[in-house]
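The values are calculated or read from the model by the stated rules, or taken from the named source; none is laboratory data. None of the values given here were measured: they were computed from a predicted structure. Please note: Cβ atoms are built from the backbone with ideal geometry, for glycine as well, and neighbour counts cover all protein chains shown.
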Amino acid sequence: MNSTLTAFAYLFASVLFIVGLKMLSSPRTARRGNVIGALGMLIAIVVTLTDKKIIDFTLIIAGLLVGSAIGLVLARKVQMTGMPQMVGVLNGFGGGASTLVAYAEYMRLGELHTTTSLDVLITIPLSLLIGTVTFVGSMVAAAKLQGIMTGAPILYPFQKQTNAAMLAAIVILTVFFVMNPAQWYLLIFIIVLSTVLGVTSVIPIGGADMPVVISLMNSYSGLAGATTGFILSNSVLIISGTLVGTSGIILTQIMCKAMNRSLGNVLFAGVGTDYSGPAARAEQRTVVRYTPDDAAMMIDNAQSIIIVPGYGLAVAQAQHVLQEMVSTLTALGKTVRYAIHPVAGRMPGHMNVLLAEANAPYDILMEMDQINDDFQNTDIAMVIGANDVVNPAARTKKESPLYGMPILNVDHARTVMVFKRSLNPGFAGEDNELFYGKSTMMVFGDAKTSLTGLVQILKK
Amino acid sequence: MSESLIFSISIFVLATFVGIEVISKVPPLLHTPLMSGSNAISGITLVGSLIAAGEGFGLLSTYLGLIAVIFAAINVVGGFLVTDRMLAMFHRKPSSTASDHR
């Protein structure tokens with residue numbers, strides 16, 4: 001195929017990517033949008049395969065088959081709770097591919113004995129840096145989320161300084177490389193340093209902050225693709241890489257805003273605890289304990305209910321029985337909706353996916369800004385497996401680590417019902433005043449057991 | 001600065017604006033599929049990998065290209081399929097065929 005036709009085909013693929021992403025703006029068109037994006041990818045691949053430069057197809061076909069098979073298995077087997085790790089791993093592979101392509105391109109240029117232009121000489125090390133950090137950083141983040149590694153921040157003295165020193169070393173190596181591009185080992189040093197940097201920049205970040213890291217790595221994987229596009233002067237790589245880069249940055253900002261933290265604070269402060277949760281507070285305060293029977297009686301008399309799910313719901317695998325309860329109550333003519341905090345799951349939008357899997361219709365999945373003013377007219381706010389996102393300390397207690405974080409106004413509802421395993425504080429380690437409030441009913445126990453009991457009573 | 005670099009930078013800057021425009025319209029409801037779907041798109045590095053693996057420039061370059069093809073194909077195929085699986089679960093009415101739980 002001639003190069004003009006190739007260029008137009010790449011342009012067409014880029015347009016399909018943009019249209020596909022645009023269709024993600026509504027759940028009605030989203031699935032078709034994804035297919036259109038995939039179609040764009042198919043066109044880009046087919047056009048590339050007709051490139052005259054390609055002389056041997058055996059390895060390409062083998063590689064495509066192996067990679068596709070692994071991708072297929074991963075996509076089918078992964079559980080919805082494991083989606084953050086999945087996206088992390090996929091990000092990583094994208095970054096890894098960028099590194100490999102950048103190095104292969106360097107070798108090609110060397111064998112061609114061309115006097116390489118300055119731009120390419122600068123973008124090759126840059127691509128190696130971003131690609132490698134994305135690959136290693138994503139894998140570390142995925143290992144943390146999967147529990148292979150501890151979720152707690154790993155801190156050591158002069159962490160920031162050593163990271164900065166490594167980055168500076170990479171810049172210096174890049175300068176030496178540009179001055180004499182025949183020194184291939186400089187690139188190897190850059191890859192090694194980037195690998196270390198990928199590890200040391202992610203390990204100090206706590207498990208609770210992983211949504212931010214995954215979003216940021218998403219952005220890096222896009223930038224890695226874009227820099228590869230700079231090396232190859234390939235517009236489809238630059239366009240799609242940049243789209244993904246911006247997407248990741250926007251999501252990172254949304255997550256930081258929802259936690260009222262700056263990106264710098266998330267990346268360097270080492271905030272957060274392990275998933276096992278900190279020990280309960282020593283101080284003894286009394287809360288009123290209720291049983292599922294008491295809760296059922298209250299729910300029976302209520303007209304409007306808002307459910308606030310947290311990640312604890314998914315840990316207890318209780319989302320299916322919860323949705324069963326919602327369907328039962330809706331059938332009885334009650335207004336039941338979900339209020340979803342931006343950081344309710346382990347990645348942006350995670351809780352929505354978990355509830356959609358449990359068959360919850362998406363038009364009752366409300367975002368915080370849509371529903372926060374409705375709590376005051378609501379009979380019951382049911383908090384299940386959530387803690388920090390409903391902690392009033394975020395509004396009032398200036399010294400609290402949660403202070404300033406936007407929260408769901410559950411305390412404005414007539415009755416607050418909290419389903420919780422114990423009084424342990426959440427990720428932020430902050431005690432929750434809500435549990436001791438006058439209008440609060442605490443139902444202790446495993447969320448799944450409690451809700452199953454509740455559904456049985458309600459169905460009678 | 002070479003002309004091709006200036007051209008690349010222009011595309012990069014314009015694509016940033018398109019990206020902000022398009023992505024900020026995606027509701028939080030769909031942020032997870034957005035991440036996995038855009039992730040699949042970033043597997044476009046596959047295009048570069050294919051050329052590296054098939055050009056026949058030296059053994060090392062070819063094998064690096066091969067690994068790159070495998071990595072990028074995992075990224076692309078896994079990303080699009082898992083996104084489709086998630087988006088298939090979003091219904092307005094609770095479906096009777098309690099969606100597939102593979």
Next item on the list: Go through the stretch B:39-76 residue by residue and tally those that are more than 7 Å from chain A (Cβ to nearest Cβ) and at pLDDT below 90.
Entry: 1
Notebook entry, point to check: Which residue out of A:V266, A:V212 is modelled with pLDDT under 85 and either crowded, with 24+ Cβ neighbours inside 10 Å or part of a helix (DSSP H, G or I) (or both)?
Noted result: A:V266
Note to self: Pull out all pairs, ordered by first then second residue, where Cβ-Cβ is under 8 Å, the residues are six or more apart or on different chains, the first lies in the stretch B:6-34 and is within 11 Å of A:S247 (Cβ to Cβ), and the second is among the basic types (K, R).
What the structure shows: B:V22/A:K22
Note to self: Are there helices (runs of 4 or more DSSP H) fully within the stretch B:29-94 with at least 3 residues that are farther than 18 Å from A:L128 by Cα and among the hydroxyl-bearing types (S, T, Y)? List them.
What the structure shows: B:31-42
Check: For the stretch A:359-390, which residues satisfy the criterion of being more than 21 Å from A:I254 (Cβ to Cβ), surrounded by 24 or more Cβ atoms within 10 Å (Cβ to Cβ) and within 22 Å of the chain's Cα centre (by Cα)?
Finding: A:A360
Checklist line | Failed item, numbered, when A:L243 is tested on (1) assigned to a helix (DSSP H, G or I); (2) away from chain B (no Cβ under 14 Å); (3) in contact with a helix residue (DSSP H, G or I) (Cβ under 8 Å, 6 or more places away or on another chain); (4) crowded, with 22+ Cβ neighbours inside 10 Å | finding: (2)
Checklist line | Hits in the stretch A:149-194 - residues which are aliphatic (A, V, I, L, M) and within 18 Å of the chain's Cα centre (by Cα) | finding: A:M149, A:A152
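Residue-by-condition table, conditions (1) in contact (Cβ under 8 Å) with a residue 12 or more places away in the chain; (2) surrounded by fewer than 24 Cβ atoms within 10 Å (Cβ to Cβ); (3) under 31 Å from the mean Cα position of the chain (by Cα):
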{"residue": "A:M298", "(1), (2), (3)": "yes, yes, no"}
{"residue": "A:Q303", "(1), (2), (3)": "yes, yes, no"}
{"residue": "A:P309", "(1), (2), (3)": "yes, no, yes"}
{"residue": "A:A314", "(1), (2), (3)": "yes, no, yes"}
{"residue": "A:Q319", "(1), (2), (3)": "yes, no, yes"}
{"residue": "A:L322", "(1), (2), (3)": "yes, no, yes"}
{"residue": "A:A331", "(1), (2), (3)": "no, yes, no"}
{"residue": "A:A339", "(1), (2), (3)": "yes, no, yes"}
{"residue": "A:M347", "(1), (2), (3)": "yes, no, yes"}
Next item on the list: For the stretch A:8-62, enumerate the residues that are small (G, A, S) and at the interface with chain B (Cβ under 9 Å from one of its Cβ atoms).
Entry: A:A13, A:S14, A:G20, A:S25, A:S26, A:A30, A:G33, A:G37, A:A38, A:G40, A:A44, A:A62
Margin query: surrounded by fewer than 24 Cβ atoms within 10 Å (Cβ to Cβ), within 19 Å of the chain's Cα centre (by Cα), within 23 Å of A:G94 (Cα to Cα) and of a type in the set (S, T, Y): is that true of B:T45 in this structure?
Written below: no
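Listed here are the residues, each with its yes/no results for (1) under 18 Å from A:K448 (Cα atoms); (2) charged (D, E, K, R); (3) within 13 Å of chain B (Cβ to nearest Cβ).
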site: A:M298; (1), (2), (3): no, no, no
site: A:V308; (1), (2), (3): yes, no, no
site: A:Y311; (1), (2), (3): yes, no, no
site: A:K334; (1), (2), (3): no, yes, no
site: A:A339; (1), (2), (3): no, no, yes
site: A:V343; (1), (2), (3): no, no, yes
site: A:L354; (1), (2), (3): yes, no, yes
site: A:A358; (1), (2), (3): yes, no, yes
site: A:P361; (1), (2), (3): no, no, yes
Checklist line | Residue count, the stretch A:426-446 (criterion: over 13 Å from A:A394 (Cβ atoms) and of a type outside the set (F, W, Y)) | finding: 10
